[in-house]
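The next block holds one structure in the form of structure tokens; read it before the comments.
The values are calculated or read from the model by the stated rules, or taken from the named source; none is laboratory data. Model, not experiment: these values are computed from the prediction. Positions of Cβ are backbone-derived with ideal geometry, glycine not excepted, and every protein chain shown enters the neighbour counts. We work out accessible area using only protein heavy atoms, side chains counted, and drop any ligands, DNA or RNA first. Shrake-Rupley method; radii C 1.70, N 1.55, O 1.52, S 1.80 Å.
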Amino acid sequence: MASLIHMSSATTIFTSSSSSSSSSSTAARLLHFTTTTKFPNTISRSNPLQFRISNPKFPKTIITHSSSSSASAIQVDNETAATVIDGKRVAKDIREEVAVEISRMKDEIGIVPGLAVILVGDRKDSATYVRNKKKACDTVGINSYEVQLPEDSSEEEVLKHISKFNDDPSVHGILVQLPLPSHMNEQNILNAVCIEKDVDGFHPLNIGRLAMRGREPLFVPCTPKGCIELLHRYDIPIKGKRAVVIGRSNIVGMPAALLLQREDATVSIVHSRTKNPEEITRQADIIISAVGQPNMVRGNWVKPGAVLIDVGINPVEVRSRKPRGYRLVGDICYEEASKVASAITPVPGGVGPMTIAMLLSNTLLSAKRLHNFRFDRFDVFGVWVCLKAPLK
């Protein structure tokens, strides 16, 4: 069973059916999420979701069935009208924004954020994620600290390193790469991370605060945070919309549902015991799928004009001369669903790059909070917005 990006998740089994669906016209836009003034232009559409064109940095694009419409397409599939939500581009923007803030912090108070990663075992996928995180840290100017332990290490050894990083003032974020070896108690290890340095957002107190009205978590888990950030940066409305989250893992599904609820969406969760899941998903304006089942969500599961966020990253064997002999696909059958949806994330290149980008923003957020450095642009979730006071 394939694992999801940057996580160990319990996979679930659903039945799927094939479908054929007609294309729907959409309006495509990309928003460079800065503090620039928004433009009031709006595009009316037949479905209830609207994409507002808010920044002149990107071309204004309208995709319709009319042959007389002229516009330059922004990453729109040649065979469909669905806007491709470009996670790579958004993640690049976020990294640039984080780098600017880190430079400002270093210049003004001499502090450079630090991220510590603990890797246990020799899983190739985990090692790849850690390398990518280190590379991303180097790109934005975050100091990275890494501990690699053998598979047969004791739980006490891991806890010892966590304690050391908890006490190190140069470390502002601690990440324990999951999954851990089976002989270790994952809950004990994650609970040992100081909540003020829990940049992965897995500490039960952070999750508990996320679940409670009127409370704010210090950090939000990176992958679901990245999903919501993509919706924000494409200016896709969430308030009042029907949202369905497929999967209920502690890492993605559950916090994604909580975040959507905080945005005033009406949220349903589909899981392995849900009867007729396709009937529920067909009512959704927004679908976030995170179960690790390749091509599970078919075109006939999707309401015309819905927005689809695909967290799944699944290797599927292909007959090819390529050395690896497989390709990566999501939980959502892209070929079918993109003919029905108004916007969709690709796999790869959608949610995946956002996970590490959110980790960088969480690490910067932690450093600012711990050193009482003013929050010019990041809010409690690390979102790039106007001034807010530091979280107490």
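Tell me which residues, restricted to region 324-370, are part of a helix (DSSP H, G or I), more than 20 Å from TYR129 (Cα to Cα) and of a type in the set (Ser, Thr, Tyr).
Taking region 324-370 and keeping what is part of a helix (DSSP H, G or I), we get 334-337, 352-370.
Next, only the ones that are more than 20 Å from TYR129 (Cα to Cα) stay: 334-337, 365-370.
Matches in region 324-370: TYR334, SER366.
Residue by residue through region 70-103, note down the ones that are open to solvent by less than 50 Å² (accessible area, probe 1.4 Å), at pLDDT below 95 and not aliphatic (A, V, I, L, M).
Initially, region 70-103 is screened for residues open to solvent by less than 50 Å² (accessible area, probe 1.4 Å), giving 74, 76-77, 80-87, 90-91, 93-94, 97-99, 101-102.
Next cut, at pLDDT below 95 only: 74, 76-77, 80-82.
Once the filter is applied, which keeps residues that are open to solvent by less than 50 Å² (accessible area, probe 1.4 Å), at pLDDT below 95 and not aliphatic (A, V, I, L, M), region 70-103 yields ASP77, THR80.
In region 246-290, which residues are at pLDDT below 95 and among the hydrophobic types (A, V, I, L, M, F, W, C)?
Passing the criteria: only ILE251.
Return the only residue of SER153, SER103 being among the hydroxyl-bearing types (Ser, Thr, Tyr), free of Cβ contacts under 8 Å to residues at least 40 places away in the same chain and either in a strand (DSSP E or B) or out of contact with any strand residue (DSSP E or B) (no Cβ under 8 Å at 6 or more places or on another chain) (or both). Steps first, answer last, please.
Details: SER153 fails: either in a strand (DSSP E or B) or out of contact with any strand residue (DSSP E or B) (no Cβ under 8 Å at 6 or more places or on another chain) (or both).
Unique residue meeting the criteria: SER103.
Going through region 178-198 one residue at a time, which ones are under 25 Å from ILE111 (Cα atoms) and open to solvent by 50 Å² or more (accessible area, probe 1.4 Å)?
Passing the criteria: only GLU196.
Within region 160-175, can one find any residue that is modelled with pLDDT of 95 or more and farther than 22 Å from PHE219 by Cβ?
Yes, some residue in region 160-175 is modelled with pLDDT of 95 or more and farther than 22 Å from PHE219 by Cβ.
Suppose the filter is open to solvent by less than 70 Å² (accessible area, probe 1.4 Å), hydrophobic (A, V, I, L, M, F, W, C), under 16 Å from THR355 (Cβ atoms) and not in a loop (DSSP other than H, G, I, E, B); does LEU175 pass it? Before you say what the answer is, go through the steps one by one.
On the way: open to solvent by less than 70 Å² (accessible area, probe 1.4 Å): yes; hydrophobic (A, V, I, L, M, F, W, C): yes; under 16 Å from THR355 (Cβ atoms): yes; not in a loop (DSSP other than H, G, I, E, B): yes.
For LEU175, the condition - open to solvent by less than 70 Å² (accessible area, probe 1.4 Å), hydrophobic (A, V, I, L, M, F, W, C), under 16 Å from THR355 (Cβ atoms) and not in a loop (DSSP other than H, G, I, E, B) - is met.
Taking ALA116, is it open to solvent by less than 20 Å² (accessible area, probe 1.4 Å), touching a helix residue (DSSP H, G or I) at 6+ places or on another chain (Cβ under 6 Å) and not acidic (Asp, Glu)?
yes
Among the strands (runs of 3 or more DSSP E) confined wholly to region 199-300, which include 1 or more residues that are surrounded by fewer than 24 Cβ atoms within 10 Å (Cβ to Cβ) and β-branched (Val, Ile, Thr)? Don't jump to the end; show me each part of the working.
Details: elements: 242-246, 266-270, 286-289.
Output list reads 266-270.
Being open to solvent by less than 40 Å² (accessible area, probe 1.4 Å), under 23 Å from THR128 (Cα atoms) and in a loop (DSSP other than H, G, I, E, B): is that true of VAL158 here?
On the way: open to solvent by less than 40 Å² (accessible area, probe 1.4 Å): yes; under 23 Å from THR128 (Cα atoms): yes; in a loop (DSSP other than H, G, I, E, B): no.
The answer is no for VAL158.
Test ASP168 against the criterion of being over 24 Å from the mean Cα position of the chain (by Cα), within 21 Å of ASN362 (Cβ to Cβ) and in contact (Cβ under 8 Å) with a residue 12 or more places away in the chain, and give yes or no.
Working: over 24 Å from the mean Cα position of the chain (by Cα): yes; within 21 Å of ASN362 (Cβ to Cβ): yes; in contact (Cβ under 8 Å) with a residue 12 or more places away in the chain: yes.
Answer is yes for this residue.
Let me spell it out: the conditions are (1) crowded, with 19+ Cβ neighbours inside 10 Å; (2) modelled with pLDDT under 95; (3) on the phi < 0 side of the Ramachandran plot, and VAL316 meets all of them except one. Which number is the exception?
(1)
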